[in-house]
Amino acid sequence: KDNKMVCIMFGGSDTFSLSYEFAKKLISLGYEVSILTTSANKNIAKLNSLNAALLIDSKDIATILKNSLFIVGATGVSVYEFIALKRAFINVVVAPNQKYTAKFLKNNSLSYEVSGVDKLNIEDSLKKKEIIELNQANFIKGYDRHYLANEIRKRVFKNLKLKSVKKEDILDIYHLAN
C-alpha cells in the first residue's frame, strides 16, 4: 500500500493557523494527515474538527516524521530534524528570520518551498521528493548531528549582522508566539 500519510508541523502555537489550512487542503486531496502541535496552540478545537490525527505534546516526533510520505511545516529550527531524518518537506516561511534558512534550503535543493496553502502543488513537490531526500543524505553524510547543526547555522547566518537585543524585541516575539 502506498504511504499517503503527511505530517504537518507549524510549531507549538501555530500563530497563523497554517496547520488547519494545510490539513484541510491535504485531506481534500486524499491524504491521511497527522498534525504535530502543543497544548499552547489556541486552535486545538478547530483542528479537532478535521478528519486528521491530532498529536498534542507528542514525545515520539522523530518516529512520526520518519513514517510520513512528506512533511509540511514552518522554516524554523525543525527543518534541521527533517534533514537529519532525510525526509522531504514542504517549507513555509512564517517569520522574517526564516528567510535566511529558506534561501539556504533552496540553494542546496534540500526542500520544496511554498508561500501559502494556495501555492501548494503536491504533484510537483512529489516529483522532487526523491532528489530532495538524496540531496539531504549527501549533505549529512559523514557528519554527526552537532557538527551538522553548527555547519548549517554557519552557512545560513554567515552574512547576518546581529543587533543588540532590547526588552521590546523579546516582548514582540513573546506576543507573536502567544
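Remark: region 17-22, residue by residue, has Karplus-estimated 3J(HN,Hα) of 6, 6, 4, 4, 4, 5 Hz, where x stands for each Gly or Pro and the curve is 6.51 cos²θ - 1.76 cosθ + 1.60 at θ = phi - 60°.
Rounded to the nearest 0.05, what FRET efficiency is calculated for Lys127 and Lys24 with R0 set to 22 Å and r the Cβ-Cβ distance? Efficiency for this residue pair is about 0.40. Cross-link pairs exceeding 23 Å between alpha carbons, from the set Lys42/Lys154; Lys103/Lys154; Lys46/Lys66; Lys106/Lys129: Lys42/Lys154; Lys46/Lys66.
Here the Karplus curve 6.51 cos²θ - 1.76 cosθ + 1.60, taken at θ = phi - 60°, turns the phi angles of region 90-104 into couplings of 9, 9, 10, 6, 10, 8, x, 5, 7, 5, 5, 5, 4, 5, 4 Hz, with x standing for Gly and Pro. Share of pairwise Cα-Cα distances greater than 15 Å in region 1-43 is 39 percent (whole percent). With R₀ set to 22 Å, the beta-carbon distance separating Glu113 from Val77 gives a calculated FRET efficiency near 0.85. Rolling a 1.4 Å probe across the protein heavy atoms gives region 1-144 an accessible surface of 50 Å² per residue. Across all directions, the average projected area of the convex hull around the alpha carbons of region 1-156 is 9.0 nm². Taking a ≥ b ≥ c as the square roots of the eigenvalues of the Cα gyration tensor of region 79-142, is the shape rounded (a/c under 1.5), prolate (a/b larger than b/c) or oblate? Oblate shape, in that a/c is at least 1.5 and b/c is the bigger or equal ratio.
The ellipsoid that matches the Cα gyration tensor of region 1-85 has semi-axes, each √(5λ) in whole angstrom, of 17, 17, 11, with the longest given first. Each residue of region 33-49 was assigned a 3J(HN,Hα) from its phi angle through the Karplus expression (A = 6.51, B = -1.76, C = 1.60, θ = phi - 60°), giving 10, 10, 10, 9, 8, 10, 5, 6, 6, 7, 9, 4, 4, 5, 5, 5, 6 Hz with x at Gly and Pro. Most tightly packed first, judged by the mean number of other beta-carbon atoms within 10 Å of their residues, the peptides 109-116, 13-20, 121-128 read 13-20, 109-116, 121-128.
Taken over the Cα atoms of region 48-98, the convex hull encloses 104 Å³ per residue.
The simple spin-label model puts a point 7 Å past each Cα toward its Cβ; for Thr63 and Ala137 those points are separated by 2.4 nm.
The values are calculated or read from the model by the stated rules, or taken from the named source; none is laboratory data. None of these values were measured; they are calculated from a predicted model. Virtual Cβ from ideal backbone geometry, glycine too; neighbours counted across all protein chains shown. These accessible areas exclude ligands, DNA and RNA; they are computed on the full protein's heavy atoms, side chains included. Shrake-Rupley method; radii C 1.70, N 1.55, O 1.52, S 1.80 Å.
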